[in-house]
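One structure is given below, encoded as structure tokens.
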Protein chains: 2
Amino acid sequence: MKQKNIRIKDIAAMAGVSEGTVDRVIHKRGKVSSDAADKVNKVLAEIEYTPNLLARTLGTARNYRLIAVIPHPESDPYWKQSFEGLEQGEAELAQFGITMSVERFFYDPTKKESFQQVTLKAFHSKPDGILVAPLFYYASVPFLKELSESKIPFIQFNTRIEQAKSLSFIGQDLFQSGRLAAELISLGNAGNGSYILLHVEEDLPNSIHLLEKEKGFKNYFETELAPQPNHIKSYTLPDSTHVLFEKELQSILRTPNLKGIYVTNSKAYLIATYLEKEKQQVRLIGYDLVEENINYLRKGMIQFIIHQNPKRQAKLGIRTLVNYLLFDKKPTALNLFPLEVITKTNLDSYQI
Amino acid sequence: MKQKNIRIKDIAAMAGVSEGTVDRVIHKRGKVSSDAADKVNKVLAEIEYTPNLLARTLGTARNYRLIAVIPHPESDPYWKQSFEGLEQGEAELAQFGITMSVERFFYDPTKKESFQQVTLKAFHSKPDGILVAPLFYYASVPFLKELSESKIPFIQFNTRIEQAKSLSFIGQDLFQSGRLAAELISLGNAGNGSYILLHVEEDLPNSIHLLEKEKGFKNYFETELAPQPNHIKSYTLPDSTHVLFEKELQSILRTPNLKGIYVTNSKAYLIATYLEKEKQQVRLIGYDLVEENINYLRKGMIQFIIHQNPKRQAKLGIRTLVNYLLFDKKPTALNLFPLEVITKTNLDSYQI
DNA sequence: ATGAAAGCGCTAACAC
DNA sequence: GTGTTAGCGCTTTCAT
């Protein structure tokens with residue numbers, strides 16, 4: 001009954017070959033006669049061999065080098081959280097005595113050139129694996145293609161370039177995210193209202209991911225609330241320091257029968273500030289648990305935050321890469337994170 | 001710069017003692033002169049020693065035995081999910097070659113005697129650790145006390161007996177959970193409505209955890225919506241097969257100006273069935289991603305489900321126990337899970 | 001009380 | 001090609 005775990009040694013004995021040969025067959029390291037290979041494979045087919053992953057890493061001295069390419073942590077609290085996720089992932093490795101370095105290459109999320117420069121450097125340093133948040137579509141495509149061609153395994157997170165042959169994408173379904181925002185913003189409002197979608201401080205042509213959210217948002221109203229005469233409009237706002245910001249926002253807020261505002265990035269607090277000043281009551285939905293948003297969530301000026309869990313994304317990215325490189329574990333191509341709904345009341349339960 | 005990881009061997013050399021002695025000091029396995037202990041401790045204080053957890057498990061032959069005490073998986077889809085979490089946790093261990101068995105002891109969640117019987121058996125089998133969902137308050141107190149006294153480490157999950165000295169509690173803050181339900185149910189409803197809280201098919205005296213939710217629910221209306229003249233009432237409904245079930249529910253649904261119903265357990269679908277039949281429009285909130293709830297969520301008859309993530313709770317329970325037993329890692333006393341809000345639209349993102 | 005040494009299961013280097 | 005063997009860092013047993 002108590003079937004002891006089968007080891008390579010056992011397999012070797014059963015197949016009548018040596019441990020080394022079994023290892024070579026299992027890992028396809030070549031240099032093995034088809035005769036021996038057959039014997040081993042036969043045994044392998046009969047038994048259930050689950051390698052001991054602990055022992056495997058202990059045995060291998062090899063030092064892997066990973067590179068993480070993300071926006072600079074100081075550029076935005078959101079990316080700070082990703083950065084912390086990397087650190088946690090790395091700490092986890094250290095604990096298990098896995099010698100794997102995680103170099104961080106930062107770029108300026110507002111400058112395409114910065115991204116290009118950094119990715120070039122990353123590529124030339126020939127790491128064993130890359131974890132990248134490819135914010136810039138057009139700059140990412142060639143980079144990721146180069147990685148594929150050089151057989152450098154990589155994982156995309158946060159933003160997805162669909163055609164890239166990444167090991168895995170870790171992040172959220174942005175179309176659904178937009179739909180969720182629409183559901184939450186319209187909840188309890190019985191028809192015929194106006195809803196505004198706002199891209200704040202974004203370089204839209206370069207941020208196709210935001211357009212996914214927009215599509216989802218509109219889709220929800222069309223498919224789920226069709227008979228109700230709702231008005232949906234989307235705007236792009238400039239940098240909040242820009243003179244036009246306030247002016248444009250002001251006119252937007254004068255939209256008749258305005259029921260809700262959906263901000264597609266983490267800048268909802270900018271709108272909240274303004275609403276607070278004007279004492280206007282509009283349902284406001286945004287993204288990410290950054291401090292300013294949290295404050296307005298607490299005050300009740302923001303009703304919902306959709307959380308992307310950047311920390312967990314980054315941590316999982318590291319873990320996935322390690323599993324692949326060290327343990328031969330192929331990840332799922334798409335690792336879609338839950339669309340987490342945060343309100344004033346469940347906020348604390350999300351703060352670790 | 002590239003400080004190689006310090007091993008026990010290094011410490012031994014630095015302290016001028018043998019590896020065995022260092023090991024004895026680190027693990028306080030006794031049998032070491034104060035002289036030698038001092039030397040080792042001195043080195044330990046100067047350097048940063050992080051044991052290689054991989055090597056540690058490889059080295060230990062010891063076979064640990066865990067016991068999980070949960071309601072029978074077939075008694076409720078919710079507990080089925082917990083059960084699956086246990087399986088996942090166990091699979092994870094196997095992967096790493098950790099030889100640790102997880103026996104499952106099931107009880108009938110509607111019968112206190114069944115719980116008592118099972119816990120007695122668990123206790124007598126003297127396992128190395130226990131993971132328990134202590135649904136019955138009065139029956140749990142003495143059991144958990146016995147565990148403490150016999151120094152059998154245990155973790156509570158799902159339900160928490162506060163005074164028990166468990167290694168850790170894994171679950172949700174139910175008071176906050178009630179508050180969250182109140183927030184979601186009242187959202188967008190401008191004042192003066194009636195809200196009903198429903199305990200369905202529950203033996204209330206034995207389910208003090210449900211009373212926590214009730215307190216939280218009422219608390220939210222008092223503290224956050226005080227000036228608005230809302231009416232909150234709570235009821236307990238019998239088994240749905242009972243003749244009184246429909247009758248009582250019917251009279252409840254005739255509450256004037258009824259805006260929302262909050263079901264404190266996973267039985268919201270029973271109410272949804274009825275609402276659907278009567279074509280009554282009331283906001284409905286319940287717990288747990290069980291199939292019937294999911295169906296009504298999809299249909300739009302249930303607006304929100306608060307998810308407790310039983311699978312992850314159970315999995316983490318196993319992992320925590322292993323970390324404690326094998327790696328000497330003390331868990332946090334309170335591991336509160338996020339209060340996850342599920343709607344029709346983000347549901348799919350939660351289905352793994 | 002302490003040191004030496006034999007594993008744990010696997011990988012990799014080295015003979016043959 | 002194939003078998004043998006020396007580790008990886010730790011625990012544990014066995015002398016001393």
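Values in this text are rule-based calculations from the coordinates and carry no lab data. What you see is a predicted model, and the numbers here were worked out from it, not measured in a lab. Cβ: placed from backbone, ideal geometry, glycine included. Neighbour counts: every protein chain shown.
Values as computed for the structure displayed
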item	result
Fewest-first sequence of B:TYR324, B:TYR287 by Cβ atoms within 10 Å of each Cβ	B:TYR324, B:TYR287
Summed side-chain charge close to B:GLY216 - residues other than B:GLY216 whose Cβ falls under 11 Å, Lys, Arg +1, Asp, Glu -1	-1
Cα principal axis extents for segment A:180-235, largest first, Å	35, 17, 16
Residue with peak Gaussian network fluctuation, chain B [Cα springs, cutoff 10 Å], from B:GLY16, B:GLY129, B:GLY89	B:GLY16
Label-zone membership for segment A:188-214, site A:GLU113, 7 angstrom Cα→C-beta point, backbone N under 18 Å	A:203, A:206
Computed log₁₀ I(q)/I(0) - Debye formula, equal Cα scatterers, no solvent, segment A:8-51, q 0.13, 0.21, 0.23, 0.33 Å⁻¹	-0.20, -0.55, -0.67, -1.40
Exposed GluC sites (Glu not before Pro) absent - longest run of chain B, DSSP non-H/G/I/E/B, at most 10 other C-beta within 10 Å	B:163-352
Nearest-first distances (nm) between copies at A:SER148, label 7 Å from Cα via Cβ	6.0
Rg/Rg_globular for the protein assembly as shown, with Rg_globular taken as 2.2 N^0.38 Å and Rg from C-alpha atoms	1.07
Overall Cα dimensions of segment A:174-307, principal axis frame, Å, largest first	39, 34, 27
Segment B:1-146: Rg to Rh, with Rh as the Kirkwood radius over Cα pairs	1.16
Given B:LYS215/B:LYS277; A:LYS311/B:LYS267; A:LYS344/B:LYS213; A:LYS215/B:LYS344, the pairs whose alpha carbons are separated by over 26 Å	B:LYS215/B:LYS277; A:LYS311/B:LYS267
Nearby lysines by direct alpha-carbon distance to A:LYS28 (threshold 23 angstrom, same-chain neighbours under 8 apart not counted)	A:LYS9, A:LYS39, A:LYS42, A:LYS151, A:LYS329, A:LYS330
Pairs of alpha carbons in segment B:254-352 whose separation is greater than 21 Å (percent)	45 percent
For the axis carrying chain B to chain A: nearest C-beta residue of B, whole Å	B:GLY188, 1
Net charge of Cβ neighbours under 14 Å - reference A:VAL290; Lys, Arg +1; Asp, Glu -1	-3
Segment A:269-327: translational diffusion in µm²/s, Stokes-Einstein, Kirkwood Rh over Cα pairs, 4 °C, 1.567 mPa s	97 µm²/s
FRET efficiency, 1/(1 + (r/R0)^6) with R0 30 Å, evaluated for B:ASN5 and B:GLN88 via beta carbons	0.45
Cα-Cα pairs of segment B:87-242 separated by more than 20 Å (percent)	61 percent
Residue of A:ASN323, A:ASN189, A:ASN309 that the Gaussian network model of chain A assigns the largest fluctuation, springs spanning Cα pairs under 10 Å	A:ASN189
Whole-number Å³ per residue for the convex hull built on Cα positions in segment A:226-287	94 Å³
Inter-copy spacing of B:SER34 label points, which lie 7 Å from Cα along Cα→Cβ, given in nm from shortest upward	7.4
Cβ-based exposure ranking for B:LYS112, B:LYS28, A:LYS247, in which fewest neighbours within 10 Å come first	B:LYS28, A:LYS247, B:LYS112
Between segment B:231-248 and segment B:103-117, the Cα center-to-center distance that results, in Å	26 Å
Residues A:SER148, A:SER33, A:SER168, sorted so that the one with the fewest Cβ neighbours within 10 Å comes first	A:SER33, A:SER148, A:SER168
Size of charge dipole - chain A - debye, nearest 20, with Cβ of Lys, Arg +1 and Asp, Glu -1, no other charges	880 debye
Other-copy label distances relative to B:ASN189, 7 angstrom Cα-Cβ extension, nm	1.9
Segment A:8-51, dipole about Cα centre (Lys/Arg Cβ +1, Asp/Glu Cβ -1), debye to the nearest 20	220 debye
Selection from A:ALA15, A:LEU131, A:VAL118, by position along the positive dipole direction of segment A:1-135 (Cβ)	A:ALA15
Max mean-square fluctuation residue, GNM over chain B, Cα-Cα springs under 10 Å, options B:MET100, B:MET14, B:MET301	B:MET14
Kyte-Doolittle mean at least -0.5 and Cα axial length at least 20 Å: DSSP H helices in chain A	A:310-327
Dmax and Rg, reported as Rg then Dmax, of chain A (C-alpha, Å)	25.2, 83
Selection from B:ILE161, B:PHE221, B:ALA182, by position along the positive dipole direction of segment B:121-234 (Cβ)	B:ILE161
Relative contact order (percent, whole number), segment A:174-307, Cα cutoff 8 Å, 6+ residue spacing	28 percent
Rounded, prolate or oblate (a/c below 1.5 giving rounded, otherwise prolate when a/b exceeds b/c) for segment A:70-161 by Cα gyration tensor	oblate
Label point distance in nm, A:GLU278-B:SER34, each placed 7 Å from Cα along Cα→Cβ	7.6 nm
Charged-residue dipole, Cβ positions (Lys, Arg, Asp, Glu), the protein assembly as shown about Cα centre, Debye nearest 20	1360 debye
Counted charge near B:GLY178, where neighbours are those whose Cβ lies closer than 11 Å (Asp, Glu -1; Lys, Arg +1)	0
